[in-house]
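The values are calculated or read from the model by the stated rules, or taken from the named source; none is laboratory data. In this text, all values refer to a predicted model and were calculated from it rather than measured experimentally. Here Cβ is always computed from backbone atoms with ideal geometry, including for glycine, and neighbour counts include all displayed protein chains.
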Amino acid sequence: MKELNFRRHRRLRSSQAMRSMVKETYLHKEDLIYPIFVMEGENIKNPVSSMPGVFQFSLDTLNAEVDEVVELGIPAVILFGLPAEKDAVGTGAFHDHGIVQEATRQVKERHPELIVIADTCLCEFTDHGHCGVVEGEKILNDASLDVLGRTAVSQAKAGADIIAPSNMMDGFVAAIRAALDEAGFEDVPIMSYAVKYASAYYGPFREAADGAPQFGDRKTYQMDPANRLEAFREADSDIEEGADFLIIKPALSYLDIIRDVRNNYTLPIVAYNVSGEYAMIKAAAQNGWIEEKPVVMETLLGMKRAGADMILTYHAKDVARWLEGK
């Protein structure tokens with residue numbers, strides 16, 4: 001046979017030890033952020049039907065969930081609140097004794113070392129389900145900024161380590177940074193939902209957080225899934241306004257955006273592995289169409305390889321167990 005000149009790439013795949021030696025991307029427990037839904041009431045642990053394994057917790061059932069998160073070595077949680085009552089301006093979002101504020105105090109008192117991230121949005125707290133103040137069917141940008149600033153300050157007062165505004169109003173990072181600084185919270189960082197698309201993958205979350213809009217949609221303030229360059233404009237604005245982290249949401253259909261942002265900015269990047277992405281894997285696994293563990297691990301590894309530093313994921317507890325070999 002004539003001698004051929006080609007590279008033998010398989011040499012570096014010849015054994016598990018060899019593959020581990022040349023492995024480029026790793027997933028660690030320290031990369032994970034776990035979302036928790038908290039609600040008013042007692043003795044509540046409601047399963048979210050479209051998200052198997054995810055629950056809504058009242059404060060008296062929350063401790064067991066948080067204890068497990070800490071035991072698994074997951075370093076951070078993000079709290080989403082479901083109030084008992086809603087109104088036009090989302091009063092429960094910025095009330096000093098709102099559900100997110102009370103949950104934050106409880107978690108920080110029990111586990112001071114756990115990083116608590118407060119979701120800073122209004123949609124779960126408004127009776128119209130939009131992420132800002134409305135007039136008729138118009139979402140008012142500037143009028144919403146004051147409410148968002150008040151919400152962030154109340155969350156910081158309750159002990160939140162990080163403020164995570166997800167509303168996508170223009171100028172929201174600047175308004176929140178100014179409000180936090182004025183209230184004496186200069187050292188509280190902002191994890192901005194800098195690049196958030198108007199995605200069909202959010203459906204299960206809106207059941208979990210009871211935050212679906214009662215009219216219209218969110219396309220006038222969330223980004224068009226067709227747009228790539230717009231992500232740079234959004235990230236530029238948030239960085240200029242004082243963001244400390246950049247969230248990209250969703251993740252799986254936007255790995256190109258994660259890579260673009262990673263290549264152009266030095267701030268920590270958080271990929272949000274959203275509810276629809278989670279639900280698809282769960283449904284396929286329950287039907288026996290895929291094997292859940294390797295698909296989840298490959299999915300999250302892809303987000304890390306694309307450039308994410310952290311991943312906000314409902315799979316976090318399972319992944320933490322799998323990384324420990326359980």
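Table for the structure above
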quantity: Options 161, 142; residue that is acidic (Asp, Glu) and within 20 Å of the chain's Cα centre (by Cα); calculated: 161
quantity: Considering residues of the stretch 219-237 that are touching a strand residue (DSSP E or B) at 6+ places or on another chain (Cβ under 7 Å) and closer than 15 Å to residue 249 by Cα only, the residue modelled with the lowest pLDDT; calculated: 221
quantity: Options 248, 290, 281: the member that is touching a residue at least 40 places away in the same chain (Cβ under 8 Å) and not hydroxyl-bearing (Ser, Thr, Tyr); calculated: 248
quantity: Some residue of the stretch 232-253 being more than 22 Å from residue 167 (Cβ to Cβ) and either charged (D, E, K, R) or over 17 Å from the mean Cα position of the chain (by Cα) (or both); calculated: no
quantity: Residues within the stretch 64-86 that are of a type in the set (Asp, Glu) and in contact with a Phe, Trp or Tyr (Cβ under 8 Å, 6 or more places away or on another chain), tallied; calculated: 1
quantity: Long-range neighbours under 7 Å by Cβ, at least six apart or interchain, first residue surrounded by 10 or more Cβ atoms within 10 Å (Cβ to Cβ) within the stretch 1-18, second assigned to a loop (DSSP other than H, G, I, E, B); calculated: 12/22
quantity: Where a residue in the stretch 111-139 is outside any loop (DSSP other than H, G, I, E, B) and its partner, wherever it lies, is of a type in the set (Asp, Glu) and at pLDDT 95 or above, with Cβ under 9 Å and at least six apart; calculated: 115/161; 116/161; 117/161; 118/161
quantity: Residues (within 20 Å of the chain's Cα centre (by Cα) and among the charged types (D, E, K, R)) located in the stretch 20-58; calculated: 29, 30, 31
quantity: Residue, nearest to residue 313 (Cα to Cα), within the stretch 52-65, restricted to residues that are crowded, with 21+ Cβ neighbours inside 10 Å and touching a residue at least 24 places away in the same chain (Cβ under 8 Å); calculated: 54
quantity: Residue pairs meeting the criteria (Cβ under 7 Å; at least 6 apart or on separate chains; first free of Cβ contacts under 8 Å to residues at least 40 places away in the same chain, in the stretch 21-44; second in a helix (DSSP H, G or I)); calculated: 22/12; 42/60; 43/60; 43/61; 44/61
quantity: Single unsatisfied condition, residue 150 versus (1) within 15 Å of residue 92 (Cα to Cα); (2) in contact with a Pro (Cβ under 7 Å, 6 or more places away or on another chain); (3) surrounded by fewer than 23 Cβ atoms within 10 Å (Cβ to Cβ); calculated: (2)
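So that you can scan it fast, the table gives a plain yes or no per residue for (1) among the aliphatic types (A, V, I, L, M); (2) assigned to a loop (DSSP other than H, G, I, E, B); (3) farther than 22 Å from residue 324 by Cβ:
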residue	(1), (2), (3)
41	no, yes, yes
57	no, no, yes
66	yes, no, no
69	yes, no, no
73	no, yes, no
